[in-house]
1. Take residue 92 and tell me if it is part of a helix (DSSP H, G or I) and within 26 Å of residue 42 (Cβ to Cβ).
2. From the list 101, 42, pick out the single residue that is touching a residue at least 40 places away in the same chain (Cβ under 8 Å), within 30 Å of residue 129 (Cβ to Cβ) and under 18 Å from the mean Cα position of the chain (by Cα).
3. Surrounded by 11 or more Cβ atoms within 10 Å (Cβ to Cβ) and over 30 Å from residue 129 (Cα atoms): does that describe residue 61?
4. Which one of the conditions (1) in a helix (DSSP H, G or I); (2) closer than 21 Å to residue 122 by Cβ; (3) modelled with pLDDT under 90 does residue 17 fail to meet, given that it meets all the rest?
């Protein structure tokens with residue numbers, strides 16, 4: 001019961017909340033009314049998602065060509081030259097598609113931020129991203145600190161071990 005109430009407080013609708021929406025008594029949004037600008041933003045974001053998917057698939061195909069050319073077993077001069085040409089063209093294709101993918105992702109993030117500003121969720125998302133980054137940094141600091149303390153606590157044992165090895169080596173050299 002308590003967990004269900006907590007989920008209701010922190011749950012967000014799965015679709016973006018824009019414009020006017022009719023809300024049922026159990027706090028579920030039933031109907032959305034988007035403005036034309038908001039729907040155009042959504043369609044642009046969806047088209048960018050499709051382009052990002054196509055570009056990612058093109059990168060994967062180019063990488064596949066590179067791997068195939070790398071593992072070709074032909075050993076004569078012409079096949080080696082052909083393999084180098086195919087590899088360089090595939091590498092150029094991968095680099096171009098990666099730049100294209102980077103630009104598409106930047107444009108999509110800008111549109112998504114604008115869409116979130118219209119929806120009133122921009123700062124909420126920024127706060128969540130900041131808190132996640134802060135939690136990861138604190139986790140890394142905690143792990144480094146714990147490993148440092150573990151090393152310091154094991155230092156006497158390690159010193160005893162190396163001292164014992166040194167004594168055994170010295171006694172063997174005397175005999």
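The values are calculated or read from the model by the stated rules, or taken from the named source; none is laboratory data. Quantities reported herein were computed from a predicted structural model and do not represent experimental measurements. With ideal geometry, Cβ positions are generated from the backbone for all residues, glycine too; neighbour counts draw on all protein chains shown.
1. Numbers: part of a helix (DSSP H, G or I): yes; within 26 Å of residue 42 (Cβ to Cβ): no.
So residue 92 fails the test.
2. Working: 42 fails: under 18 Å from the mean Cα position of the chain (by Cα).
From the options 101, 42, the qualifying one is 101.
3. Against the criterion (surrounded by 11 or more Cβ atoms within 10 Å (Cβ to Cβ) and over 30 Å from residue 129 (Cα atoms)), residue 61 qualifies.
4. Condition not satisfied by residue 17: (1).
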